[in-house]
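Here the structure is laid out as structure tokens; the discussion comes afterwards.
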Amino acid sequence: MDENIFLNDDRVDGIEKVTGRAKYTADQHIDNIAFGVFVTSTIARGAIKNLLIAEAKNSPGVLDIIYYQNCPPVPGYRPHDKELNKRGFEWQGLKVFNNNIVYHYGQPIALVVADTWEKAVKAAKLVKAEYITDAFETDFEKLRKDESKLKKIGEYKRGEPDAYKKAEVFVEAEFFTPIETHNPMEMHATIAIWEGDDKLTVYDKSQGPKGTQSQLARCFGLEEKNVRVVTEYVGGAFGASLRSWPNVPAAVIAAKKVKRPVKVLLNRRQMFSMVGYRPQSWQKISIGATREGKLMGITHHAVSNTSRYEDYREGIVNASQFLYDCPNVNTSYKILPLDLNTPTWMRGPGEATGAFALECALDELAHKLNIDPVELRVKNYAEMHPVSKLPWSSKFLKECYDAGREKIGWNKRPAIPRSLKEEGMLVGYGMGGGVFGAGRGNAAVKAILKKDGTLTLQSAVSDMGPGTATAMVKIAEGIMDMPASKIRFQLGDTDFPPGPTQGGSTTTSTLGNGVSLVCNALKKNLKELAITNVASFKTLSADDIEIKNEQLISKKDNTVKISLSELVNSSGKEQVEIIQESGRAAAEAQKYAMNSFSAHFVKVHVDPATGAVKLKQIIATGDGGKIISEKTARSQMIGGAVGGIGMALTEEVLIDHTTGKYINDNLGSYHVPLHTDVPHIDTWFPNKPDPVINSTGAKGVGEIALVGFAAAVANAVFNATGKRLYKLPIKPEDLMS
Ligand code: MOS
């Protein structure tokens, strides 16, 4: 057990967060602010015939009601209007208030702006709409069988298609996953402040302030430098804030119209219908092998839903192409447009869905072959990437299997399902593997060494919770050899040098490389500064100087030294500063396949009387390269496992197909795991630096923490009960039937 938690590895913003001092977007206090509350559609498809706003308009405190008939022209809504929109940019996603078309139930159709939040909420209830209704389709399971409704997205083939059929042993199975929502604690919010006609400041819940800035600049025809986006803290996101939702343009439009700053905050129900979600999916996966367990063929087909106004796609079948060594693989992926809002990336987007099918089917195959499921994976371990044929930059998945087996006590796993009982409960063990892309993007970081000897680092990234600033401070601490308490990492503001969007498990790799570059460049500058400015250093070369314990010291004579603080003072300036830009790992990606890997091991109890499943033990292992900040990486794995319990056992959005409305659009009936559902979670990392992707050796752990987890649970449930379930979430009634 890793009980001795690393006390000096605490989050740099931990105190702010737990004491409530941290300011999330909606917490920002802005003078003279007005509040915007959305009115939403109550039909799933059609058009607004008439919006009845008179009563709401006369409601106390109401400043304006914005809807399609009075929305000022938005350049990004009119990509072909050369006059208005010189750049030809088109806003992606719902163009809120652009016209009277209704694409889904719960679509924002008006924004009531009032001088207090309460007044806006009250008035929003008074707005009524008359509609022209059209027939709508929301039933994925019914419609996905109709090929004419599907859009082909991609196909892949290597070797012979459907080769599994010729194998000595094969399994074929269909898998079903529901719509899942991110539902972070913090709801989406935007505050827009026009600082003149051509200058805008926006506080927004975003995983990428730079991306939001660029979208807003282009959408509203502004210079990028005149748009400032601030995201100081993010209260969880899981992918939900990788793009902007209707609250963003709505706040900007409203602020312009009422000539006051406007805050738009979604409520929990609106989090379901205005923010994306993990799409619903159907998959069929078939795997064939020799009697000895060598994989001969994998066929994987998938369909997931999108909206009527955008094509959202994700890599559901991708891992089946490369996670295991198999000569014949064919996959296909299609999407089905429904009258719902557009789905979006959600932790392990694509892979989390695909791995459920792949890792369950492998378990079924192992059972049929009478081979241990881990052994089956080891037998088919891919030593090089089967699609690109490139070597992996690093891969320590076997080490994860070994650690997982040992820590969970895999030898206690009954070879025969439903043969082990404990305290009257059926006992099962299961595992599932995960994979996600690793890589390095662009990041610029500024380093500022002040006269008091403190170091400030800045980049316009945001932190949705993984602890980015904490990890960056650790990297700087190591390179600068100065105490973490004297280092500050500032983020969440586009006034800082451009940072990456936080997503795809690449922030530590991308930004860490930038921090490492800028710290090394700063050291070089400081040495040069000492040689020019400090008499005792004059005869030295940079190679003769080392920086440690907040001092520059001559390697030749350790009495020749100067503190960082004195050195900055000697320059006569307030501070020494430098910016470095770190680029993408493009050349590296030509030579190496780059991935993080995981293996989740779980033990479950299933109540034979009720079918209730309880997780008893979890070992989450992950090859995320070098672990920069052990505590926050561990927290990522814990969070992923909790999300995985939800995916496996509790989470699903239900739709009323008679109205097209989400039924359980609240946290009372959309069930995320509770504390009682979560056992102690043990984590393990090989912690081996990746020699290729970046200078720190880190890959990423955000997505692999979830990918494969639901399969581990389903496989453990099979081991406990002898019943294999193909539909998530696994419910007691499915086990009792
Ligand atoms: Mo993640 S789905 O890349 O925020």
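Data for the structure
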| quantity | calculated |
| --- | --- |
| Backbone N under 11 Å from the residue 58 label point (7 Å along Cα→Cβ), restricted to the stretch 89-121 | none |
| Cα gyration tensor shape of the stretch 559-673, rounded if a/c is under 1.5, else prolate or oblate by comparing a/b with b/c | prolate |
| Efficiency of FRET between residue 581 and residue 17 - r from beta-carbon atoms, R0 25 angstrom, step 0.05 | 0.25 |
| Length gained when the stretch residue 520-residue 383 is fully extended (0.36 nm per residue, less Cα-Cα span) | 45.9 nm |
| Unit charges on C-beta of K, R, D, E only; dipole of the stretch 251-386, Debye | 1260 |
| GluC sites (Glu not before Pro) within the stretch 284-365, DSSP loop, no more than 15 other Cβ atoms inside 10 Å | 292 |
| Evaluated at q = 0.23 Å⁻¹: base-10 log I(q)/I(0), Debye formula over Cα of the stretch 480-584 | -1.26 |
| Pairs beyond 27 Å (Cα-Cα), from 157/591; 398/616; 205/474; 205/257; 149/661; 119/225 | 119/225 |
| Highest to lowest packing among 585-591, 551-557, scored as the average C-beta count within 10 Å | 551-557, 585-591 |
| Reciprocal mean inverse distance between Cα atoms of the stretch 108-193 - Kirkwood radius, Å | 20.0 |
| Prolate/oblate/rounded label for the stretch 27-79 (Cα gyration tensor, a/c 1.5) | oblate |
| Mean separation of Cα contacts under 8 Å, 6 or more apart, over the residue count of the chain: relative contact order % | 16 |
| Exposure proxy ranking, count of Cβ atoms within 10 Å, fewest first, for 179, 618 | 179, 618 |
| Residues residue 390 and residue 166, FRET efficiency given R0 of 51 Å [Cβ-Cβ distance, rounded to 0.05] | 0.95 |
| Alpha-carbon radius of gyration plus Dmax, which is the widest Cα pair, for the stretch 326-424 in Å | 17.8, 50 |
| Extension gain (nm, one decimal) between residue 81 and residue 737, 0.36 nm per residue minus Cα-Cα | 230.2 nm |
| Label-point separation, residue 99 to residue 555 (7 Å along Cα→Cβ), nm | 6.9 |
| Within the chain, helix-based [θ] at 222 nm, where runs of 4 or more DSSP H residues each add -39,500 (n - 2.57), nearest 500 | -7000 deg cm²/dmol |
| Three semi-axes of the equivalent ellipsoid, the stretch 218-293, Cα gyration tensor, whole Å, largest first | 42, 16, 13 |
| Globularity ratio of the chain, using Cα Rg and 2.2 N^0.38 Å | 1.01 |
| Reciprocal of mean inverse Cα separation for the stretch 655-700 (Kirkwood radius, Å) | 15.4 |
| Span from the the stretch 350-371 Cα centroid across to the the stretch 265-284 one, whole angstrom | 27 |
| Loop sites in the stretch 90-134: trypsin sites (Lys or Arg not before Pro), DSSP, at most 14 other Cβ within 10 Å | 125 |
| Burial ranking of peptide ranges 109-116, 573-580, 244-251 (average Cβ count within 10 Å, highest at the top) | 244-251, 109-116, 573-580 |
| Charged-residue dipole, Cβ positions (Lys, Arg, Asp, Glu), the chain about Cα centre, Debye nearest 20 | 720 |
| More than 25 Å apart - percent of Cα-Cα pairs taken over the stretch 587-735 | 40 |
| Qualifying GluC sites (Glu not before Pro) in the stretch 48-91, DSSP loop, other Cβ atoms within 10 Å at most 12 | 83 |
| Contour minus Cα-Cα distance for residue 31 and residue 146 (0.36 nm per residue) | 35.9 nm |
| Distance from the stretch 120-159 to the stretch 605-640 (C-alpha centre basis), Å | 34 |
| Per residue convex hull volume, Cα atoms of the stretch 1-144, in Å³ | 259 |
| Estimated dipole of the stretch 1-148 in Debye, rounded to 20 [Cβ of Lys and Arg +1, of Asp and Glu -1, Cα centre] | 720 |
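A short reminder: the numbers here are calculations on the coordinates, not readings from a lab. All values derive from a computational prediction rather than experimental measurement. Quick reminder, even Gly has a Cβ in these numbers, built from the backbone with ideal geometry, and neighbours come from all protein chains shown.
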